[in-house]
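The values are calculated or read from the model by the stated rules, or taken from the named source; none is laboratory data. Just so you know, these numbers come straight off a predicted model, no measurement behind them. Cβ sites come from the backbone with ideal geometry, for glycine too, and all protein chains shown count toward neighbours. Surface areas here come from the heavy atoms of the whole protein model, side chains and all, with no ligands, DNA or RNA. Shrake-Rupley method; radii C 1.70, N 1.55, O 1.52, S 1.80 Å.
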Amino acid sequence: MDDFDVVVVGAGPAGAAAALAARRAGASVLLLDKAGFPRDKPCGDGVAPHALDVLAGLGVTGVEDGFAPVPSLRLVGPAGGAVARRHARPAYTIPRLVLDERIANGAVAAGAVLRRHTVRRIEERPDRVVVDGVVSARAVIGADGAYSTVRKALGQPPNGPGHLALAIRGYAPFAGQPAEQRIVTASREWPAYAWAFPIGDGTANIGYGEVLHGRPISRAHLLDRLAELLPDVDTAAATGLRAHHLPLSTRRPAPARGRLLLVGDALSLINPFTGEGIFYAVLSGALAGAAAAGDAPARRYAAALRGRLGRHLRHSRAAALLGGRQWIVNAAVRAADRRQAVFDDLIELGLGDGTLTPRTVGAIARHVVTR
């Protein structure tokens, strides 16, 4: 049986970041993924600068090389009002086919062992964790997505209705369109929105998603809503259309127990306000990898995650609850259109680890009163 200090299940951004952090702490690391690289993952491909900061702290830079920065964001409210402003720091659209391989290569360069393997069984023993009867480790990190095998081993079910979204994404021609991210919210099927994130090569990642409430949603419905909300984009020419689930952070399991830790989508770390997950993935992975390399990994990881993201997650949950009311979102759009500081606060809340600041709450309240 092969033996490692840390085994990471899933080699996406969360798992690769965990492997990097564990290697920096001196642990031997095995990184497992069911697919070979390069491989695609359905995603909006939006990468905020906050995620690049975390990766740079792990020694991985240049994942954005070859992709043009996207300096601005346009947000359209459910009533049709819009705000378009520059980001404090530009974001990027990096296809997961590229992003994931670059971060995984960074983990391998740091000394992690990458193997193609589908994990089916996790066995906890007093001093080790055994994976599929062939590998053992002091700790196992589950970075294996919304339907995580490691999460199941912890006895935690997947997210259910109200805490799970369904989205479809593809790549469409986008030449001649402004170099801005676009998010168009929908008054129907609320909360729901479509997006168009330009890559810089004349195409854009486009998609539509909505929160599930217990009724089935067809692929045809998703595509119809996508075309309706992005009328100036040739959605019929889109390629690579794939649907995926997003487990929202409004319903998270315990982050760890004993020698098992969860990160990224496996921990339901998807921002319920925006659907963003890459920043959460690399940050939680970095925290878990550092904790797994030492003693009492579950306790250390839970404390680190709480200290780093606890306040933000409480505020993002509150924002999601408030955002369930369309008139509040319309007021937020108007407030952001009036003040750059409010726009910046909302970006930090939706793409990073920001909070609902008093100035933003006050500005939204004033627009609610005068609506």
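The table below lists the values:
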read-out	value
Hey, I168 at pLDDT 95 or above and under 22 Å from P253 (Cβ atoms) or not	no
Positions within segment 16-42 being open to solvent by 20 Å² or more (accessible area, probe 1.4 Å) and among the hydrophobic types (A, V, I, L, M, F, W, C), in sequence order	A25, A35, F37
Unique residue being within 27 Å of D53 (Cβ to Cβ) and either in contact with a Ser or Thr (Cβ under 8 Å, 6 or more places away or on another chain) or at pLDDT 95 or above (or both) when the list is A336, A296, A319	A336
Residues within segment 251-278 that are surrounded by fewer than 24 Cβ atoms within 10 Å (Cβ to Cβ), more than 18 Å from L212 (Cα to Cα) and either of a type in the set (K, R) or under 15 Å from the mean Cα position of the chain (by Cα) (or both), tallied	2
All positions within segment 209-236 that are of a type in the set (A, V, I, L, M, F, W, C), touching a residue at least 12 places away in the same chain (Cβ under 8 Å) and assigned to a helix (DSSP H, G or I)	L222, L223, L226, L229
Tabulated pairs, segment 1-13, first within 20 Å of G36 (Cα to Cα), second of a type in the set (S, T, N, Q) and in a helix (DSSP H, G or I), C-beta under 7 angstrom, 6+ apart or interchain	V9/T149
Hey, P69 free of Cβ contacts under 8 Å to residues at least 24 places away in the same chain and over 24 Å from V131 (Cβ atoms) or not	yes
Among (1) among the charged types (D, E, K, R); (2) over 20 Å from A236 (Cβ atoms); (3) open to solvent by 20 Å² or more (accessible area, probe 1.4 Å), the one test that R151 misses	(3)
Meets criteria (buried (at least 22 other Cβ atoms within 10 Å of the Cβ), more than 24 Å from R188 (Cβ to Cβ) and either under 18 Å from the mean Cα position of the chain (by Cα) or at pLDDT below 95 (or both)) for A91	yes
Helices (runs of 4 or more DSSP H) fully within segment 277-368 counting 1 or more residues that are β-branched (V, I, T), under 29 Å from H244 (Cβ atoms) and out of contact with any Pro (no Cβ under 9 Å at 6 or more places or on another chain)	326-338, 340-351
Residues (crowded, with 16+ Cβ neighbours inside 10 Å and more than 22 Å from A79 (Cβ to Cβ)) located in segment 218-236	L222, L223, T235
Residue among A82, A48, A88 that is among the small types (G, A, S), under 25 Å from G240 (Cβ atoms) and touching an Asp or Glu at 6+ places or on another chain (Cβ under 8 Å)	A48
Some residue of segment 237-248 being assigned to a loop (DSSP other than H, G, I, E, B) and either of a type in the set (S, T, N, Q) or surrounded by fewer than 22 Cβ atoms within 10 Å (Cβ to Cβ) (or both)	no
Of all residues in segment 169-187 being out of contact with any Ser or Thr (no Cβ under 9 Å at 6 or more places or on another chain) and either in a loop (DSSP other than H, G, I, E, B) or over 30 Å from A288 (Cβ atoms) (or both), the one that is least open to solvent (accessible area, probe 1.4 Å)	A186
Subset of segment 176-190 (residues that are closer than 19 Å to T93 by Cβ and touching a helix residue (DSSP H, G or I) at 6+ places or on another chain (Cβ under 9 Å))	V184
Tally, over segment 72-88, of residues that are within 30 Å of A286 (Cα to Cα) and surrounded by 15 or more Cβ atoms within 10 Å (Cβ to Cβ)	3
Close pairs (6 angstrom Cβ cut-off, 6 or more residues apart or separate chains): in contact (Cβ under 8 Å) with a residue 24 or more places away in the chain in segment 358-371, open to solvent by 30 Å² or more (accessible area, probe 1.4 Å) and not aliphatic (A, V, I, L, M) anywhere	H367/R334
Residue in segment 188-208 that is assigned to a loop (DSSP other than H, G, I, E, B), crowded, with 17+ Cβ neighbours inside 10 Å and either in contact with an Asp or Glu (Cβ under 9 Å, 6 or more places away or on another chain) or at pLDDT below 95 (or both) present	yes
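Table: residues versus (1) over 30 Å from P173 (Cα atoms); (2) not small (G, A, S).
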| site | (1), (2) |
| --- | --- |
| T239 | no, yes |
| T250 | yes, yes |
| N271 | no, yes |
| A290 | yes, no |
| D295 | yes, yes |
| L309 | yes, yes |
